[in-house]
Amino acid sequence: MKRVLFVCLGNICRSPVAEGIFMHKVRERGLESRLTGDSAGTAGYHIGEPPHTTSSSVAREYGVALNHRARQFQQADFERFDHILCMDRSNYETVRRLAGTTHLQSKVGMIGQFLSGPVPAPVEGAPEIPDPYYGPVAGFHDVHQLLDTATSNLITHLTSAS
Ligand code: 4NP
């Protein structure tokens with residue numbers, strides 16, 4: 001079983017969408033015994049809250065139900081997950097700083113590394129998933145579409161690697 005944790009800042013706009021789309025595709029493809037996903041935020045502002053209402057309504061338009069309650073990233077997540085994929089460079093730097101060893105650091109990447117295909121692009125220069133929180137609804141659609149592409153490529157990557 002490969003376990004993936006998606007990380008953003010508040011765990012209400014981007015990472016729960018990444019988790020929701022990823023798990024939707026996992027179920028659609030019958031991969032539940034091989035892949036699982038969760039999400040967390042580097043900040044604790046929204047602990048216990050459901051996803052942002054616009055994230056949820058946009059996801060629903062694409063047939064994806066979001067079932068998550070916000071939680072903060074914790075040190076134990078380095079042991080619980082094989083891959084920790086961050087939405088932007090700030091999240092990435094925060095989580096990398098928390099990883100004490102090079103082994104744990106090697107689990108941390110950016111979901112944007114999977115935007116160009118199933119072979120991850122270098123983390124340096126990987127595109128960010130922009131924070132839609134303060135912007136118009138169009139930003140939430142952009143986030144959904146970017147994460148749809150990236151999670152498809154991620155699943156191909158995780159199921160084709162030995
Ligand atoms: P997220 O978006 O990191 O995609 O969940 C944000 C949600 C809340 C805040 C910032 C970003 N906030 O500052 O409360």
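Rounded if a/c is under 1.5, else prolate if a/b beats b/c, else oblate: with a ≥ b ≥ c from the C-alpha gyration tensor eigenvalues square-rooted, which is the stretch 8-144? It comes out rounded by the Cα gyration axes. Computed from the C-beta positions of Ala138 and His103 and an R0 of 45 Å, the FRET efficiency is 0.65 to the nearest 0.05.
Please state the charge dipole magnitude for the stretch 86-159, taken about the Cα centre, from unit charges on C-beta atoms (+1 on K and R, -1 on D and E), reported in debye and rounded to the nearest 20.
300 debye
An oblate overall shape is assigned to the stretch 85-162, the ratio a/c of its alpha-carbon gyration tensor axes (a ≥ b ≥ c) being 1.5 or greater and a/b not exceeding b/c.
Label zone (Asp82, point 7 Å along Cα-to-C-beta; backbone nitrogen cut-off 11 Å) within the stretch 1-27: 1-4. Remark: the chain carries 47 Å² of accessible area per residue (probe radius 1.4 Å; ligands, DNA and RNA excluded). For the chain, complete DSSP H runs whose alpha carbons reach 20 Å or more along their own long axis and whose mean Kyte-Doolittle score is -1.0 or higher are 137-160. Here's the picture: a label point sits 7 Å out from the Cα of Ser116 along the beta-carbon direction, and within the stretch 124-155 the residues with their amide nitrogen under 14 Å of it are 124-128.
With the simple model of a label 7 Å out from the Cα in the direction of the Cβ, Tyr45 to Arg27 spans 2.9 nm.
Here the gap between Gln74 and Thr149, fully extended at 0.36 nm per residue and compared with their Cα-Cα distance, gives a gain of 24.3 nm.
The values are calculated or read from the model by the stated rules, or taken from the named source; none is laboratory data. The model shown is predicted, which means the values in this text are computed figures rather than measured ones. Counting neighbours? That spans all protein chains shown, and the Cβs are built from the backbone with ideal geometry, glycine included. Remember, those area values only see protein heavy atoms, side chains included, never the ligands or the DNA or RNA. Shrake-Rupley method; radii C 1.70, N 1.55, O 1.52, S 1.80 Å.
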